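Let me begin by presenting the structure, written as structure tokens, before commenting on it.
The values are calculated or read from the model by the stated rules, or taken from the named source; none is laboratory data. Just so it is clear, the model here is predicted, and its values are computed rather than measured. Positions of Cβ are generated from backbone atoms using ideal geometry, with glycine treated the same way; all protein chains shown enter the neighbour counts.
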Amino acid sequence: MATDAHSDGSSLAFHPMDQFIIKPLFGDGDFSWYTPTNATLWMALGILAVVALLVLPTSRRALVPTRGQSIAELTYGFVYKMVEDVTGKDGIKYFPYIMTLFMFILTANFLGLLPMAFTTTSHIAVTGVLALAVFLTVTVLGFVLNGSKFLGLFWVSSAPLALRPVLAIIELISYFVRPVSHSVRLGGNMMAGHAVIKVFAGFAQVAVISPIAIAGVVAIYGLEIMVAFIQAYVFTILTCVYLKDALHPAH
Amino acid sequence: MATDTHGGEEMASVAEQSAGMPQLEFASFPNQIFWLIVTLVVLYLILSRVALPRIAGILGERQGTITNDLATAEDLKAKAAKADEDYNKALADARAEAQRIAGEERAKIQAKLDEAIAQADAEISERAAESEKAIADIRATAVDNVREVATATAEELVAALGGKADAAAVKAAVEDRMKG
């Protein structure tokens, strides 16, 4: 990221971070909180992608599924099983919320891989809100469902008594670091991958190393396809793990 | 993506202000957060109202259909086994019936045959009796004839030898010889 050298004079121009700039869709210059921007556009495209993935192919409700319907069913089953396995049977009622998170991140990550696209999940503002929402929901839910017993999450009853206060401090810190790691993991991964692709693309301006640079772009693009899925998966499964803590706080 | 570098001057000026990372340009946060919340709410409504109940319905329906089909298959299998059993039973019955009818016919034919044989036997014995009687008659007649001829011959012989034939003595002699 430090390679963002604006060497306008030289022939080699690197602007790896320009792809993350938020601009208004119509006109230039300033924008307020409600102005439709490129972030708005790509979030809306994400919604359309979810509709195209889950709603349209299932409209026929075929008993023997078509290819599209199979994909929708597999996606549903994948997240449903994840919630059921990690959170347990009583976590199933939060499945629609988790599915919303997963589908939003998945479509945003994959749409961001299209050339010229804008990756909404590469912004810490977006991932931070997602992570904070999970953090606050889990904390509130933990206290509402378990009362003060939720604090047992920080009191490791299986450890020796002398160690427990120390462990409680560590647990407390790790608990409050969760939203930070949760959001930075996703945002950082998306931003870094896209920036690296851009740097390699910048090197392609030099004829001598352009074959290597383009091969690098292809290789990292493949890696990013994997990362796009894995990060959506990791974010979702961690949400499930945190939710499990709220439902069953016992260590 | 590479063509993006020809972005123009105004883009570069925007990047200049952000000191490298657009992610840390806090002025854009309210806008992103607002649209993120709008997106999440819309997405949640689409998923929870349309997509998820529909897919859950499809999966449940399929599960039900599979269970039903399996039950029907089980049922049909039992029916097929029963039909096979019935067929075998009918076959055995028919075989037994055929056996019975054949036995009956055989018995009937045997009875008729026995009757015919008995009748034939009776007829034969009757005829044999008749023949025997005829033979006996013939033999009796023959013996009488012999006696007459012998008596007559004996009388003639006696007469020819010059004697006087004593009819009673000749008769007694003939009787005596015929016994010997």
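Just to be sure, is A:A192 within 20 Å of A:V86 (Cα to Cα) and small (G, A, S)? Judged against the criteria, A:A192 is not a match.
For A:S158, are the conditions met, namely being among the small types (G, A, S), at pLDDT below 90 and either closer than 22 Å to A:Y97 by Cβ or in a loop (DSSP other than H, G, I, E, B) (or both)? Judged against the criteria, A:S158 is a match. The set of residues in segment A:22-35 being facing another protein chain (nearest Cβ under 10 Å), surrounded by fewer than 15 Cβ atoms within 10 Å (Cβ to Cβ) and either at negative phi or modelled with pLDDT of 95 or more (or both) consists of A:D28, A:D30, A:S32, A:W33, A:Y34.
Conditions (1) over 20 Å from the mean Cα position of the chain (by Cα); (2) among the polar types (S, T, N, Q); (3) surrounded by 16 or more Cβ atoms within 10 Å (Cβ to Cβ), marked per residue:
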site	(1), (2), (3)
A:P179	no, no, yes
A:M191	no, no, yes
A:G202	yes, no, yes
A:V206	yes, no, no
A:I209	yes, no, no
A:A215	yes, no, no
A:E224	no, no, yes
A:V227	no, no, yes
A:V234	no, no, yes
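Screening A:V126 with (1) assigned to a helix (DSSP H, G or I); (2) closer than 20 Å to B:P53 by Cβ gives one miss only, at (2). Just so you know, in segment A:7-21 the residues that are buried (at least 18 other Cβ atoms within 10 Å of the Cβ) and not polar (S, T, N, Q) include one that is modelled with the lowest pLDDT, and it is A:F14. Of all the numbered requirements in (1) more than 7 Å from chain B (Cβ to nearest Cβ); (2) of a type in the set (S, T, Y); (3) outside any helix (DSSP H, G or I), A:S70 misses one, and that requirement is (3). Being part of a helix (DSSP H, G or I) and basic (K, R) is a property that does not hold for B:K164.
Within segment A:36-67, restricting attention to residues that are crowded, with 17+ Cβ neighbours inside 10 Å and part of a loop (DSSP other than H, G, I, E, B), the residue that is farthest from the other protein chains (Cβ to nearest Cβ) is A:P57. Restricting attention to segment B:37-90, the residues being acidic (D, E) and either touching a residue at least 40 places away in the same chain (Cβ under 8 Å) or within 14 Å of chain A (Cβ to nearest Cβ) (or both) number 2.
Which condition breaks for B:I101 when tested against (1) over 27 Å from the mean Cα position of the chain (by Cα); (2) among the β-branched types (V, I, T); (3) at pLDDT 95 or above? B:I101 satisfies every listed condition except (1). Within segment A:204-233, the set of residues being over 30 Å from A:V83 (Cα atoms) and either touching a residue at least 24 places away in the same chain (Cβ under 8 Å) or among the acidic types (D, E) (or both) comprises A:Q205, A:V206, A:I220.
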